[in-house]
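The values are calculated or read from the model by the stated rules, or taken from the named source; none is laboratory data. Keep in mind the model is a prediction, meaning the values are calculated, not measured. Quick reminder, even Gly has a Cβ in these numbers, built from the backbone with ideal geometry, and neighbours come from all protein chains shown. When the accessible area is computed, the model is the full protein with side chains, heavy atoms only, and any ligands, DNA or RNA have been set aside. Shrake-Rupley method; radii C 1.70, N 1.55, O 1.52, S 1.80 Å.
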Amino acid sequence: FPGAGKPPMYGDYEAQRHWQEITYNLPIKQWYFNTSDNNLLYWGLDYPPLTAYHSLVCAYIAKLINPDWIALHTSRGYESQPHKLFMRTTVFVADLLVYIPAVILYCFSLKETSAKKKASTFALCILLYPGLILIDHGHFHLGFALWGVLCLSCDWDLLGSVAFCLALNYKQMELYHSLPFFCYLLGKCFKKGLKGKGLVLLTKLAGTVVLSFAACWLPLGTDVEQIMQVLRRLFPIDRGLFEACMFSSPHPTALSSNIWCSLSVLIKIKNIISPRTQLKLSFAVTFLSLLPACIKLTVQPSLRGFKFALVSCALSFFLFSFQVHEKSILLVSVPVCLIINEIPFMATWFLLVSTFSMLPLLQKDGLLLAYAMTTPAFLAVCLASFCILEKTSAEDLQLKAFSLSLKGYVSWFKSFPRIVRSLFLLSLSLMGVLSILSAALPPPQRLPDLFPVSVSIVSCLHFLLFLVYFNVVLLWDSKNRSQKKMS
């Protein structure tokens with residue numbers, strides 16, 4: 001485990017164990033407050049209530065096996081093989097109960113005949129995506145979000161709302177997916193008519209959301225200060241825009257491939273713009289970048305548009321929002337996995353880039369060998385399953401409507417498939433070379449962050465192009481097709 005045996009913090013493994021210690025030994029009203037028994041600087045809870053409740057359930061089981069694992073204060077840095085087995089088991093069981101069934105049921109619930117035939121292959125590709133295997137394996141919030149998508153696909157809107165509320169109350173990063181859920185359901189209400197069935201649906205949805213949040217938050221109490229303290233822990237805006245950038249800190253811990261960290265190489269934004277202005281700038285750019293997709297989805301709600309909007313909005317959040325951690329790209333990758341059967345070439349390309357973008361984190365955690373094994377294996381499975389190199393035409397890439405609108409203006413569109421394949425191979429080569437250099441060569445003394453910076457910038461440029469692509473696909477989707485999907 002990364003950080004194992006290295007005081008004073010011992011790594012992320014200790015964070016998970018410490019939350020069990022805190023939730024079991026302290027009253028619920030002290031979980032998010034700094035006290036003599038709960039030093040928030042030592043892995044203080046900074047996730048919503050469902051994460052804390054999950055830790056509490058695990059703590060009760062740990063208590064039955066070995067009370068030393070969660071003893072207050074004295075268990076800090078506790079590491080043993082039985083305890084590691086226990087922690088791994090809790091993750092595996094939760095994934096087995098929440099995430100994996102959601103993936104399998106989603107793949108087999110698809111209505112298209114061609115998709116049904118490939119459902120097992122589709123599920124295999126999603127489960128073999130290297131990013132979710134290598135990083136922070138334990139995707140309970142993503143599992144709840146997938147259950148939400150699955151329920152909406154089956155027209156179970158209230159159950160889908162409950163599932164997504166659970167996801168949002170497990171990890172606040174699920175805000176990346178919140179606007180597509182909101183806009184899609186609001187669009188359905190508008191479509192049904194706000195003077196009839198649409199108003200009834202809207203009322204039911206609002207009640208469902210309120211009750212779901214109340215069930216998650218009421219155990220914490222109704223005290224305003226308690227709620228505000230939890231929110232301060234969930235959204236620590238005082239840390240600044242670049243809190244997650246490896247090469248912007250004298251004590252690097254992480255790296256993000258979003259636009260702010262990449263720009264900071266050329267423009268020292270934190271030195272010329274105040275933290276509050278950084279927050280406003282980040283909010284404005286994020287809002288503007290996701291606005292077209294949200295408007296489109298609200299005006300023309302469709303399941304296909306909903307899935308593409310999940311990708312587009314999550315990618316906008318990742319690229320432009322405040323305090324982006326490098327592994328937040330997984331919040332974009334999961335929706336991309338859901339459409340890998342529709343656009344296998346672009347989806348595979350994105351998933352490879354997303355894994356590559358986390359290379360500095362993988363290197364820091366000693367996962368380079370695992371990265372070198374799982375990434376080519378994933379590419380091989382996608383090549384064998386979807387024949388992705390043969391699906392690069394404008395129609396295969398869902399760009400036919402867009403290409404027709406450009407007909408007569410862009411002369412090179414006939415050679416588009418060949419250009420796309422060439423760019424893909426160039427991209428793979430560049431990522432491969434940077435991966436080898438990062439693993440095999442020490443950086444120059446004058447440029448210690450050369451390789452992480454290169455990975456960040458290359459990944460960021462890819463993600464910007466993908467954002468344009470996914471928005472084009474969504475915005476040029478025909479109205480008739482959208483209405484057909486709703487029927």
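Here are the numbers for this structure:
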{"quantity": "Mean projected area in nm² (Cα convex hull; one quarter of hull surface) for the range 80-183", "calculated": "7.5"}
{"quantity": "Pairwise FRET efficiency - Thr121 versus Leu64, Cβ, R0 = 30 Å, nearest 0.05", "calculated": "0.15"}
{"quantity": "Over the range 340-483, volume per residue of the alpha carbon convex hull, in Å³", "calculated": "128"}
{"quantity": "Normalised convex hull volume, the range 269-322, alpha-carbon set, Å³ per residue", "calculated": "58"}
{"quantity": "Whole-percent carbon and sulfur share, accessible surface of the chain, 1.4 Å", "calculated": "68"}
{"quantity": "Longest DSSP-loop-exposure-free segment, GluC sites (Glu not before Pro), the chain, at most 15 other Cβ within 10 Å", "calculated": "113-394"}
{"quantity": "Test item: Cα-centred dipole of the chain, Lys/Arg +1 and Asp/Glu -1 on Cβ, debye", "calculated": "1680"}
{"quantity": "Among the listed pairs Lys118/Lys191; Lys84/Lys171; Lys192/Lys307, those beyond 25 Å (Cα-Cα)", "calculated": "Lys118/Lys191"}
{"quantity": "Efficiency of FRET between Val433 and Leu389 - r from beta-carbon atoms, R0 22 angstrom, step 0.05", "calculated": "0.60"}
{"quantity": "Exposure rule at most 11 other beta-carbon atoms within 10 Å, DSSP loop trypsin sites (Lys or Arg not before Pro): the chain longest free segment", "calculated": "112-406"}
{"quantity": "Straight-distance crosslink candidates among aspartates and glutamates, where the alpha carbon sits under 16 Å from Lys327 and sequence neighbours closer than 8 are dropped", "calculated": "Asp12, Asp136, Glu174, Glu243, Asp365"}
{"quantity": "His141 accessible area, assembled protein chains, probe 1.4 Å, Å²", "calculated": "20"}
{"quantity": "The range 255-395 - convex hull of alpha carbons, volume per residue in Å³", "calculated": "129"}
{"quantity": "Accessible-area ranking of Met346, Met9, Met373, largest first, probe 1.4 Å", "calculated": "Met373, Met9, Met346"}
{"quantity": "Mean ellipticity per residue at 222 nm, deg cm²/dmol - from DSSP H runs of n ≥ 4 across the chain, formula -39500 (n - 2.57)", "calculated": "-20500 deg cm²/dmol"}
{"quantity": "Residue-level accessible surface for Trp147, protein heavy atoms, 1.4 Å, Å²", "calculated": "70"}
{"quantity": "Rg/Rg_ref, the range 16-118, where Rg_ref = 2.2 N^0.38 Å and atoms are Cα", "calculated": "1.41"}
{"quantity": "Aspartates and glutamates with Cα under 17 Å of Lys296, excluding same-chain neighbours fewer than 8 positions away", "calculated": "Asp477"}
{"quantity": "Arg276-Asp37 FRET efficiency (beta carbon distance; Förster radius 41 Å; 0.05 resolution)", "calculated": "0.75"}
{"quantity": "The range 156-224: translational diffusion in µm²/s, Stokes-Einstein, Kirkwood Rh over Cα pairs, 37 °C, 0.692 mPa s", "calculated": "256"}
{"quantity": "Heavy-atom accessible area per residue - the chain, 1.4 Å, Å²", "calculated": "46"}
